[in-house]
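*Asks:* Quick one: structure below, then a few questions.
Only the coordinates and a few stated rules stand behind these numbers; no lab work does. Here the structure is a predicted model, which means the values were calculated and not measured. Backbone-built Cβ (ideal geometry, glycine too); neighbour counts: all protein chains shown.
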Amino acid sequence: MIRYFPLRDVILEFAILLRNGHPWCSGNDSDVAVGILGRRASGLCQSQRMTWPTPEPLTAARLMLEPLSVMHATSMIDVLAASSLYDFTGGEKPSLKQLENRYAAQVVGHSEDGSQWWLNWVVIQRHERQPVGFVQATVANDGAQLVADIAWVISPSWQGRGFASEAAQAMLEWLRSHGVHHFTAHIHPANRASMHVAQNQGLCATLSEKDGETRWQTHSSSSDTCEMCRDES
């Protein structure tokens, strides 16, 4: 049975996705009339609410990316132990219980209202099958497109080998295959290693700052902030 929602209850971005036949919206009823604000959006089937793809194992040249589970906490304690990891982000080494609780919350995979998609992978060095860090993305719709805010952490003992860029690239390729093409990251202005990783993913620094971090984002050819990015390379 089709259930119709008044416009005030319709999240505009969901309607846009339905109109375009986006794979994140499930259901067989594709007869959706999408209007601008002030017009009625009809034919919105309850079964076509936003659904989020499940993270999958990913493989790169030297790395494997395993979808996060609570069981990873034990092996990740040592990976997250170095105090230098928190030089730019703040915080401190978590206890095992803290890490288990953090992972239990993250593996839910989405916010309570369904507006955000939480993705986390543990990065495994393939040759030694040893965890070396993690990558993560928070996906949301900004009203016009899907945007993923991304982050990466590699243990200091494994840094300097390009693992962060390799892992981030694998994650972004997977996201693109699921309809996400715009990316952001928030990086401390003194963290030049992370800036380099962002540049490798096609992100460019903007003039926007929050909590002492600079916003980086996928740039367009018309953006003058791209010059900032080129100056750093």
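*Asks:* Quote the charge dipole size of region 44-118 about the Cα centre in Debye, to the nearest 20; the model charges only the Cβ of Lys and Arg (+1) and of Asp and Glu (-1).
*Replies:* In debye, rounded to 20, region 44-118 gives about 60.
*Asks:* Which order do peptides 131-137, 147-153, 87-93 fall in by mean Cβ count within 10 Å, highest first?
*Replies:* 131-137, 147-153, 87-93
*Asks:* Please work out the FRET efficiency for the pair H127 and S208, using the Cβ-Cβ distance as r and a Förster radius of 25 Å; give the result to the nearest 0.05.
*Replies:* After rounding to 0.05, the efficiency reads 0.05.
*Asks:* Expressed as a whole number of Å, what is the distance separating the alpha-carbon centroids of region 131-187 and region 191-205?
*Replies:* Going from one Cα centre to the other spans 11 Å.
*Asks:* Which order do the peptides 74-86, 101-113 come out in when sorted by mean C-beta neighbours inside 10 angstrom, highest first?
*Replies:* Order by mean packing, descending: 74-86, 101-113.
*Asks:* Under a plain spin-label model, where a point goes 7 Å from the Cα along Cα-to-Cβ, how far apart in nm are S84 and W52?
*Replies:* For S84 paired with W52, the spin-label model returns 3.3 nm.
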